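J.: Could you have a look at this structure, given as structure tokens, before my questions?
The values are calculated or read from the model by the stated rules, or taken from the named source; none is laboratory data. Computed from a predicted structure; not experimentally measured. FYI the Cβ positions are ideal-geometry reconstructions off the backbone, even for glycines, and counts take in every protein chain you see.
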Amino acid sequence: MSAGDFESRWLAPEVNAVWTQFLTVTHRLEQQIERRLQDYHGISHTQYEVLVRLADADGARLRMSELAERIVTAKSAATYQVKRLADMGLAETFKCEEDNRATWVVLTDAGRERLEETAPCILSLVRELFLDSLDCHQAAELTELLTTWSANLDDTERPVKTQ
């Protein structure tokens, strides 16, 4: 590898500034949400996301693999979080009758109650720390950027077809 090859891998300063600021903002926002959820509701942000996905699912249940996909994590990480939620009585797991390898995750009544208690806290925090600082034009631009990035990620996650 020549020095030119190495240097071409670095981002231009103005692009690096955007990337660094993006990382800083997303990490700080995640830390604030995590801290607030732990301090006031005794659950992590990931556990909150599990509860949200289950509440939104048909019959308040998902297969573990689908849940992992929806919260964008490995199945083992989803299993760990679901186990913690089950220990708190907020979710339950059942073997799938059609497929012994699959596990259903089901939101309990206590899980739905915790979600309903927690949602106003997290929504007010997201508004306070993120949304309230944007005007309608900025929100539209950000939505467009996020949609573009999401599509790009979708494209890069698809397997490449070989001929």
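J.: Can you pull out every residue in region 70-110 that is within 18 Å of Ser44 (Cα to Cα) and acidic (Asp, Glu)?
T.: Of everything in region 70-110, those that are within 18 Å of Ser44 (Cα to Cα) and acidic (Asp, Glu) turn out to be Asp87, Glu92.
J.: Condition test on Thr24, is it over 22 Å from Ile122 (Cα atoms) and assigned to a helix (DSSP H, G or I)?
T.: Answer is no for this residue.
J.: Looking at Arg101, Arg70, which one is surrounded by 11 or more Cβ atoms within 10 Å (Cβ to Cβ) and either closer than 28 Å to Leu142 by Cβ or not acidic (Asp, Glu) (or both)?
T.: Details: Arg101 fails: surrounded by 11 or more Cβ atoms within 10 Å (Cβ to Cβ).
Being surrounded by 11 or more Cβ atoms within 10 Å (Cβ to Cβ) and either closer than 28 Å to Leu142 by Cβ or not acidic (Asp, Glu) (or both) holds for just one of Arg101, Arg70, which is Arg70.
J.: Additional query: Select from region 65-99 the residues that are under 12 Å from Tyr48 (Cα atoms) and modelled with pLDDT under 95 and list them in ascending order.
T.: Scanning region 65-99 gives no hits.
J.: Given the residues Arg70, Arg63, Arg101, which is the only one that is basic (Lys, Arg) and touching a residue at least 24 places away in the same chain (Cβ under 8 Å)?
T.: Arg63
J.: In the set Val82, Val18, which member is loosely packed, with under 14 Cβ neighbours inside 10 Å, of a type in the set (A, V, I, L, M) and part of a helix (DSSP H, G or I)?
T.: Val18 is the lone residue from the list that is loosely packed, with under 14 Cβ neighbours inside 10 Å, of a type in the set (A, V, I, L, M) and part of a helix (DSSP H, G or I).
J.: Do you know which residues across region 116-141 are under 17 Å from Ala55 (Cβ atoms) and either polar (S, T, N, Q) or more than 20 Å from the chain's Cα centre (by Cα) (or both)?
T.: Answer for region 116-141, where residues must be under 17 Å from Ala55 (Cβ atoms) and either polar (S, T, N, Q) or more than 20 Å from the chain's Cα centre (by Cα) (or both): just Thr118.
J.: Now for a separate question. Test of understanding: among Ala60, Ala102, which residue is touching a strand residue (DSSP E or B) at 6+ places or on another chain (Cβ under 6 Å) and modelled with pLDDT under 95?
T.: Within the list Ala60, Ala102, the selection yields Ala102.
J.: Shifting gears a bit: For the subset of region 73-96 comprising residues that are farther than 21 Å from Gln38 by Cβ and in contact (Cβ under 8 Å) with a residue 24 or more places away in the chain, which member is farthest from the chain's Cα centre (by Cα)?
T.: Cys96
J.: Please give the number of the condition Asp99 fails out of (1) part of a loop (DSSP other than H, G, I, E, B); (2) within 27 Å of Gln32 (Cβ to Cβ).
T.: Failed condition: (2).
J.: Okay, next question. Considering only residues that are surrounded by fewer than 11 Cβ atoms within 10 Å (Cβ to Cβ) and not hydroxyl-bearing (Ser, Thr, Tyr), look in region 21-48 and name the one that is nearest to Leu129 (Cα to Cα).
T.: Among those residues, the one meeting the criterion is His27.
J.: Moving to a separate point now. Any residue in region 122-143 that's assigned to a loop (DSSP other than H, G, I, E, B): show its pairings with residues that are exposed (fewer than 11 other Cβ atoms within 10 Å of the Cβ) and β-branched (Val, Ile, Thr) at Cβ separation under 7 Å, as long as the two are six or more apart or on different chains.
T.: That search, which allows pairs on different chains as well, returns nothing.
J.: Among the candidates Val106, Val82, Val52, single out the residue that is of a type in the set (Val, Ile, Thr) and closer than 23 Å to Val126 by Cβ. Before the answer, list the steps.
T.: Values: Val106 fails: closer than 23 Å to Val126 by Cβ; Val82 fails: closer than 23 Å to Val126 by Cβ.
Of the residues listed, the single one that is of a type in the set (Val, Ile, Thr) and closer than 23 Å to Val126 by Cβ is Val52.
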